[in-house]
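The values are calculated or read from the model by the stated rules, or taken from the named source; none is laboratory data. Everything quoted here is computed from the prediction, not taken from an experiment. Quick reminder, even Gly has a Cβ in these numbers, built from the backbone with ideal geometry, and neighbours come from all protein chains shown.
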Amino acid sequence: MGDLARTDLGRIGEDTALARYLDLGYRLVARNWRCRLGELDLVVSHRERNFLVFCEVKCRRGRAFGEPFEAVHHAKQRKLRDLAQAFLQAGPPLADSVRFDVASVTVDGSGRARVDVFEDAF
Amino acid sequence: MYGRVYGVAVIGVEGHLIRVEAHVGRGLPALAVAGLPGTGVLDGRERVRPAVESAGLEWPLRRVVVNLSPANVRKEGPGFDLPIAMGVLAASAQVPAARLAGFALAGELSLKGELVSTPGILAVAMAAARAGLEGVIVPAANAAEARLVEGLSVIGAATLTEVAGFLRRTWRPPDEHPEQGERREAPSPPGAGLASVDLADVRGQGLARRALEIAAAGGHNLLMVGPPGAGKTMLARRLPTILPAMTRQEALEVTRLHSVAGLLGGGGLVGVRPFRSPHHSISQAGLLGGGTGFVRPGEVSLAHNGVLFLDEVTEFRRDAVEGLRQPLEDGRVIVVRASGAVEFPARFVLVAASNPCPCGFEGDPRRSCRCPPHRAEQYRQRLSGPLLDRIDLQLSVPRLTRGELTGTEPGEPSTVVRERVEEARARQRARLSGTPWACNGQLPGTFARRHTRSAPDAEAALADAVEGFSLSGRGFDRTVKVGLTLADLEGSDRVEVRHVREALAFRAMGQQQEVAPVG
């Protein structure tokens, strides 16, 4: 998998995380939503409960440089809050409350992905 | 997911029971510590997770919040590693919480998951006993000191794995129920750790030996003035060997102080009276207690129930020496901080030594002093003042003559002198029972004056001294106290004129006119 491109790795991570959310009964609202501030990886909402989830997906090929979630530090958390605000202002009202998750995805040599979703991460 | 265990914050020498709560909840994996953790406690954050993982236990990949309650007390020291780790393990249901409720936990962790020897464990155990807990879980290296507290179950564990095993009832400490005799270990006789030092080593110096005996018998502070090489340090080192054996209570006080200072080195009860001789470059904080964050006991407290020896006392920093006033008066020292006051016991016999002048040879019959007179005067003035006021015995220690040096006559051994000291102390204890004082050296002047029975001619001699030698009020009190001790050493109920005269002879410094014998 050494030739796996960065964008491919990112997409594998997002696919894996999305699959987990769909299993848990969420539905996709937006994916790779962009504005001038940056990009939101996944926006999902729960079918029954009235809230939105902004999910930052971090994907790495191994743990040599730490767990993927460790890359979501304070500055990035603040950026994600700004992005979420921009997202909510850009469209019609979608939910009463929001939650920020971090999906930490590790892809091993054979291409198998393992995902940990940290709900309400910050 | 919630867990709660007990830890102990040691402030001064007192332990305070602290509830260590842990909550494992939502959020990115992290460990937050709330509840006024000191730098030492926060430092442990980085140790706890590796230690838990090394021990084969699981660190929850969740956000962990630890709270130390009550939150108004600043918690210091590495002893919180273990309670934080066990709180997290309880919160993540890896150890049964019920069994934890009866124990106070303390101990520093290594990254390998070992429990490392930790200062202050005796204070922890005392706090746990006072709070009515069943026992303590502490590093195996500190189990001996914790066992000094009676009626407490002491679990000494070497690793985090063993602690978890104990709570799951899969591991038992090898000596959970030691012999009763071991628990009530008596203090070893004084001098046991100083076997190489004995008063018999001292040749000649009859007056100085006498002064040491009086100092020991009455708990009087002592100043020795003499040229270099006269044997002042040698004499001072031998004072602990003739002091009476410590009671168990005294030994516990010393052990607790040395435990808090991290000087215990794994042993149990300290049976030997401490002898501390700090270098004259010591800071005020080093002498009296202090330090950033965790307030450490100073040399005055490490010398508690023993001897504090200040060699070259004139070279000590003025502020440090001035600070000795409080411990000399009250037997304790209070270190005041913005965060509150910390009190340490500090009741010691002070032995100070000094040269008579900067070059050291003033008054020496065989070598002339090279100091300009004003320098010598300045030097002496550094000695005067508040410190000298609190020293009952002052004497000159001359250099030995050749005959004394080469003589083979051994001096009286410490054991013999100590017997007389013990008898004199017993008389004082009987007389002073019901008062807060244990020996003559501790008595306030007014009390000593009012309650001393003197022979009429002794009183007359004292009155003569006041008039003839302008003996000051304090000087008067000191003479009375030393006279009392001399009477106690003789087994006499009354201070006689010979006691007064001998006491007056130990008033050498500061007021030279008092040196002359009373006629």
Collect the residues in the stretch B:27-63 that are free of Cβ contacts under 8 Å to residues at least 40 places away in the same chain, away from chain A (no Cβ under 14 Å) and part of a strand (DSSP E or B), keeping them in residue-number order. B:Ala34
Matching entry among B:Val52, B:Val66, B:Val13 (being buried (at least 22 other Cβ atoms within 10 Å of the Cβ) and under 22 Å from B:Gly120 (Cα atoms)): B:Val13
Out of all the residues in the stretch A:55-74, which are without any contact (Cβ under 8 Å) to a residue 24 or more places away in the chain and more than 14 Å from chain B (Cβ to nearest Cβ)? A:Ala64, A:Phe65
Please enumerate the residues belonging to the stretch A:106-122 that are surrounded by 15 or more Cβ atoms within 10 Å (Cβ to Cβ), part of a strand (DSSP E or B) and either within 14 Å of chain B (Cβ to nearest Cβ) or basic (Lys, Arg) (or both). A:Thr106, A:Val115, A:Asp116, A:Val117, A:Phe118
Sole exception among (1) of a type outside the set (Asp, Glu); (2) closer than 27 Å to B:His258 by Cα; (3) modelled with pLDDT of 95 or more for B:Leu42, by number: (3)
Could you tell me which numbered condition B:His23 fails, if it satisfies all but one of (1) at pLDDT 90 or above; (2) closer than 16 Å to B:Leu109 by Cα? (2)
Residue in the stretch A:91-105 that is surrounded by the fewest Cβ atoms within 10 Å (Cβ to Cβ), counting only those that are more than 11 Å from chain B (Cβ to nearest Cβ), in a strand (DSSP E or B) and touching a Leu at 6+ places or on another chain (Cβ under 8 Å): A:Ser97
Report, by residue number, each residue of the stretch B:228-285 that is within 23 Å of B:Ala353 (Cα to Cα), buried (at least 24 other Cβ atoms within 10 Å of the Cβ) and charged (D, E, K, R). B:Lys232, B:Arg238, B:Arg273
Looking at the stretch B:266-285, is at least one residue assigned by TED's automatic domain parsing to the domain that holds B:Pro345, aliphatic (A, V, I, L, M) and more than 29 Å from B:Val138 (Cα to Cα)? yes
Identify, from the list A:Leu22, A:Leu18, A:Leu80, A:Leu88, the residue that is surrounded by 11 or more Cβ atoms within 10 Å (Cβ to Cβ), in a helix (DSSP H, G or I), aliphatic (A, V, I, L, M) and within 14 Å of chain B (Cβ to nearest Cβ). A:Leu80
I'd like the residue in the stretch B:231-281 that is in a loop (DSSP other than H, G, I, E, B) and among the hydroxyl-bearing types (Ser, Thr, Tyr) and, out of all such residues, is nearest to B:Val197 (Cα to Cα). B:Ser277
Test: residue in the stretch B:86-94 that is without any contact (Cβ under 8 Å) to a residue 40 or more places away in the chain, within 26 Å of B:Gly15 (Cα to Cα) and not acidic (Asp, Glu): no
